[in-house]
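One structure is given below, encoded as structure tokens.
The values are calculated or read from the model by the stated rules, or taken from the named source; none is laboratory data. Because the structure is a prediction, the values reported are computed rather than measured. Cβ sites come from the backbone with ideal geometry, for glycine too, and all protein chains shown count toward neighbours. Calculation scope for accessible area: heavy atoms of the full protein, side chains included, ligands and nucleic acids excluded. Shrake-Rupley method; radii C 1.70, N 1.55, O 1.52, S 1.80 Å.
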Amino acid sequence: MRSTTILRRVVGVVTLFVSGMDYDQGWVIDVHPRWRNPRCGMCCRRAPGYDQRPARRWRHLGLGRCRVWIRYAPRRVDCPDCGVRIEQVPWARQESVFTHDFEEMTAYLAQTMDKTAVTKLMAINWRTVGAIVDRVIAERLDPDRFDGLRNIGVDEFNYGKHHRYLTVVVDHDRQRVIWTAKGQGSKTLGKFFDELGLRRIAQLEYVTMDMAAGYIKSVRERAPNAEIVFDRFHVQRLVSNAVDEIRRAEIHKLAGTAAAAFIKGCRYPTLKNPWNLTRKEKQKLAIVQKNNNALYRAYLLKETFAAALDYKQPKRARQAIDEWLAWAVRSRLQPMIKAARTIKKHKEDILRYVKARLTNGIVEGFNTRTRMVTRRAFGFHSAKALIAMIYLCCGRIELDPALP
Ligand SMILES: [Zn+2]
């Protein structure tokens with residue numbers, strides 16, 4: 001095999017002409033595209049040559065301990081549409097000083113690794129990683145991701161020290177983040193509906209969310225056909241918070257007694273799901289049942305509420321919720337009465353869960369992942385860079401850095 005053929009295979013530039021190589025702080029490989037007629041870097045169409053620029057380098061994937069660059073003197077074309085432009089080269093994106101392979105690998109690593117690992121392995125700084133991720137996203141983010149949307153979830157996500165927010169929209173059916181932007185509430189979600197357009201809005205069936213007034217308003221106004229589904233776990237949290245408030249009130253009431261100290265230690269036994277309780281926690285709960293009327297009633301209300309949403313038949317769930325509401329209102333437990341009022345107000349949107357069987361769990365899952373991304377992306381400081389990272393890590397962008 002000829003040495004240039006071997007070189008082309010090893011470096012992974014089989015589709016290029018290799019005209020020479022050099023060593024200058026690493027391997028420098030002289031190449032040129034196989035096409036004779038240059039193409040416009042903007043529109044990719046063939047265009048008459050204009051002049052030639054001095055040779056420049058593109059950073060490529062390293063070989064062992066050596067850095068590798070690809071060197072070429074690009075031509076300029078006189079494109080009838082775009083004017084005088086640098087020609088398109090097949091190994092790199094327009095305006096990038098890295099090759100496709102290098103950028104693909106960097107983005108792939110950025111999907112999983114922390115900041116320091118990526119920058120060390122690729123020997124570039126974090127800002128450069130951000131710029132690469134931007135370019136990869138611009139090319140790889142599925143432009144058809146809004147088509148055929150049926151069920152979506154909306155959630156807000158706070159980041160940074162100063163309570164800045166992003167709104168995140170996920171596609172329940174394809175399990176991916178499809179849209180995210182800076183800000184929260186109806187105005188921000190409105191921008192999503194602007195992009196979606198009337199035809200696709202009309203196809204929406206369910207929108208899951210927590211009970212945030214801004215998003216409710218936006219969906220009611222912009223997507224009146226879509227049905228809102230309140231996330232059951234958010235709703236259940238309302239009731240759990242009431243239980244905890246009642247527990248704290250009991251501690252206050254019994255202050256200074258052994259009973260107060262005991263109830264202080266009952267936070268987890270009264271809040272956890274019963275099937276997750278340890279034996280010790282179960283014993284504590286039994287003591288609560290015997291001695292503390294108010295707290296145990298609150299606990300039973302919490303469990304009964306969760307059970308009502310477990311019904312598979314909407315009719316039975318509705319009946320159970322109605323019974324629960326009547327019980328909660330008569331419970332003489334102020335925090336529970338307050339939670340019941342909220343639940344009564346949103347009853348239809350809460351019950352819709354039984355039919356739709358959708359929760360914001362997937363969004364929450366993305367939230368956890370997004371939080372990881374934020375931590376890894378710390379140092380970006382801008383929402384734009386964070387958004388690009390969220391698309392990269394939660395938008396189902398498949399990267400394959402392995403050479404063919
Ligand atoms: Zn052009």
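Odds and ends about this structure:
- Positive-end residue, region 217-298 charge dipole about Cα centroid, Cβ charges, pick of L271, F233, A223: L271
- For C82, solvent-accessible area (1.4 Å; no DNA, RNA or ligand), Å²: 40
- Note on F262: accessible area approximately 60 square angstrom, rounded to 10, probe 1.4 Å, nucleic acids and ligands left out.
- Within the same chain, lysines fewer than 8 places from K282 are excluded, and of the rest, those with a Cα less than 22 Å from its Cα are K264, K272, K290, K302.
- Sorted largest first, the principal axis extents computed over the alpha-carbon atoms of region 67-113 equal 44, 23, 12 Å.
- Dipole of the chain, positive direction: furthest Cα of P74, V118, I397, with charges on the beta-carbon: V118
- Contact order for region 278-337, expressed relative to its length and based on alpha carbon pairs under 8 Å spaced 6+ residues apart, stands at 25 percent.
- Accessible surface, the chain, averaged per residue in Å² (probe 1.4 Å): 54
- Accessible area (Å², 1.4 Å probe, nearest 10) - E303: 40
- Spatially close lysines, pair count over region 103-233: Cα under 24 Å, gap of eight or more or interchain: 8
- Note that region 291-331 shows a convex hull volume over its alpha carbon atoms of 48 Å³ per residue.
- Across region 1-94, Cα-Cα pairs farther apart than 17 Å form 51% of the total.
- Where the alpha-carbon atoms of region 232-356 are placed on the principal axes, they occupy 47, 29, 21 Å, in descending order.
- Relative contact order (%) - criterion: Cα under 8 Å, at least six apart; region: the chain: 14
- Relative to the Cα centre, the charge distribution of the chain, modelled as +1 at Lys and Arg Cβ and -1 at Asp and Glu Cβ, gives a dipole magnitude of about 1160 debye.
- When only alpha carbons of the chain are considered, Rg and Dmax amount to 29.4, 91 Å.
- Structure-based [θ]222 nm, the chain - -39500 (n - 2.57) summed over DSSP H runs of at least 4, per residue, nearest 500: -16000 deg cm²/dmol
- Among residues other than K355 with Cβ under 13 Å from its Cβ, the summed charge is +3 (Lys and Arg +1, Asp and Glu -1).
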